[in-house]
Amino acid sequence: MKKQGTLVVVSGFAGTGKGTVMKELLSRYDSYALSISATTRNPRPGEVDGREYFFKTKEEFEEMIEKDEFVEFACYVGNYYGTPKKYVQEQLAEGKDVILEIEIQGALNIKSQFPDALLLFIAPPSADVLKQRLVGRGTETEEVIEQRLARAVEESKGIENYDYLVVNDELDECVENVHQMIQSAGWKMSRRAADVEDLRTQISAFAKGE
Ligand code: ADP
Ligand code: 5GP
């Protein structure tokens, strides 16, 4: 019996450490595929087209919408963000666990299209720690940090829609918790009906002495 690839959504407030946790997860295990989104926002210093995002103009993005090239897309603080369909389909077909690091509207859209998807919300151990991490990362101004914390208040209203809460306190423990949750999801009974039926047939044939 082979484990089946799971579609995994990971969300969390800016500065929680999602990127750090995902990078570590991917470096430890080769069964994961991280989807790269398309966006109309400008690249930040150090970001590379095709690595962090596929950077698109509004026109290019809208053409992709028209051609039905996204699994989901959302408008977030004045920019489009979307998950390209092709990569997700290809990687799932290969049995990989495909990770989408997306915000809440996209997460809920995925859950309604793919009820078997696993939704993880990565949380900081406390608001103080979140602020320390955002400040410590040093990529945003004080003003942007305040805006992001204000946005966190809005995003926090939808956390109950996720399947699991994962606290990113000690990095190593968080990475292993995420790994265990994703691995377990692949063995959920509701997803293994064909295997169970197969096993049942084999056992009854065995019992009959065939
Ligand atoms: P996100 O992708 O959620 O916006 P990042 O991965 O960029 O967050 O992490 C924000 C900051 O917090 C970074 O400076 C990162 O090194 C730090 N960080 C991430 N996880 C931990 C952790 N478990 N313990 C301490 N610092 C962490
Ligand atoms: P940022 O601009 O900080 O890179 O991302 C802003 C928000 O957009 C983050 O919450 C991120 O998870 C989310 N995001 C990134 N890609 C996608 C996507 O393809 N779809 C959706 N719905 N959200 C995305």
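The values are calculated or read from the model by the stated rules, or taken from the named source; none is laboratory data. This structure is a prediction, so every number in the text was calculated from the model and none was measured. Note that we place each Cβ from the backbone using ideal geometry, even for glycine, and neighbour counts take in every protein chain shown. Only protein heavy atoms, including side chains, enter the accessible area calculation; ligands, DNA and RNA are left aside. Shrake-Rupley method; radii C 1.70, N 1.55, O 1.52, S 1.80 Å.
Among the candidates Glu140, Glu170, single out the residue that is at pLDDT below 95, acidic (Asp, Glu) and within 15 Å of ligand 1 (Cβ to nearest atom).
Unique residue meeting the criteria: Glu140.
Residue under question is Leu34, and the condition is that it be within 16 Å of ligand 1 (Cβ to nearest atom) and in contact (Cβ under 8 Å) with a residue 60 or more places away in the chain; does it hold?
When the stated conditions are applied, Leu34 passes them.
Let me confirm something: among Leu149, Leu120, which residue is assigned to a helix (DSSP H, G or I), open to solvent by less than 90 Å² (accessible area, probe 1.4 Å) and within 15 Å of ligand 1 (Cβ to nearest atom)? Step through it out loud before you land on a result.
Values: Leu120 fails: assigned to a helix (DSSP H, G or I).
Matching residue, one of Leu149, Leu120: Leu149.
Would you confirm whether or not region 31-52 contains a residue that is more than 16 Å from the chain's Cα centre (by Cα), assigned to a helix (DSSP H, G or I) and over 26 Å from Ala93 (Cα atoms)?
No, region 31-52 contains no residue that is more than 16 Å from the chain's Cα centre (by Cα), assigned to a helix (DSSP H, G or I) and over 26 Å from Ala93 (Cα atoms).
Going through region 68-92 one residue at a time, which ones are open to solvent by 70 Å² or more (accessible area, probe 1.4 Å) and either assigned by TED's automatic domain parsing to the domain that holds Ser11 or within 14 Å of Phe114 (Cα to Cα) (or both)?
Hit for region 68-92 is Gln89, nothing else.
Among the residues of region 41-66, how many are open to solvent by less than 70 Å² (accessible area, probe 1.4 Å), among the charged types (D, E, K, R) and farther than 17 Å from Glu103 by Cβ?
The total comes to 3.
Suppose we filter region 80-106 for residues that are on the phi < 0 side of the Ramachandran plot and either in contact with a His (Cβ under 8 Å, 6 or more places away or on another chain) or away from ligand 1 (no atom under 16 Å from the Cβ) (or both); how many remain? Give the derivation first.
Let us first name the residues in region 80-106 that are on the phi < 0 side of the Ramachandran plot, namely 80-94, 96-106.
Next, only the ones that are either in contact with a His (Cβ under 8 Å, 6 or more places away or on another chain) or away from ligand 1 (no atom under 16 Å from the Cβ) (or both) stay: 80, 82-94, 96-98, 105.
Here the count works out to 18.
Checking Lys111 against (1) within 10 Å of ligand 2 (Cβ to nearest atom); (2) closer than 27 Å to Val175 by Cβ: exactly one of these is not met. Which one?
Of (1) within 10 Å of ligand 2 (Cβ to nearest atom); (2) closer than 27 Å to Val175 by Cβ, only one is false for Lys111: (1).
Where the second residue is open to solvent by 100 Å² or more (accessible area, probe 1.4 Å) and part of a helix (DSSP H, G or I) and the first is within 13 Å of Met1 (Cα to Cα) and lies in region 189-208, which pairs have Cβ atoms under 9 Å and are six or more apart or on separate chains?
Pairs that qualify, where the first residue is within 13 Å of Met1 (Cα to Cα) and the partner is open to solvent by 100 Å² or more (accessible area, probe 1.4 Å) and part of a helix (DSSP H, G or I), are Val196/Met189.
Anything in region 19-40 that is open to solvent by 30 Å² or more (accessible area, probe 1.4 Å) and over 18 Å from Gln183 (Cα atoms)? List them, or say none.
Result: Gly19, Thr20, Ile36.
Would you check which residues across region 39-59 are under 18 Å from Gly106 (Cβ atoms) and of a type in the set (S, T, N, Q) and list them?
Of everything in region 39-59, those that are under 18 Å from Gly106 (Cβ atoms) and of a type in the set (S, T, N, Q) turn out to be Thr39, Thr40.
Based on what the data block shows, is Glu94 within 12 Å of ligand 2 (Cβ to nearest atom) and modelled with pLDDT under 95?
no
Considering only region 154-175, state which residues are within 28 Å of Asp116 (Cα to Cα) and open to solvent by 50 Å² or more (accessible area, probe 1.4 Å).
Within region 154-175, Glu154, Lys157, Glu160, Asn161, Asp163, Tyr164, Leu165, Val167, Asp169, Leu171, Asp172, Glu173 qualify.
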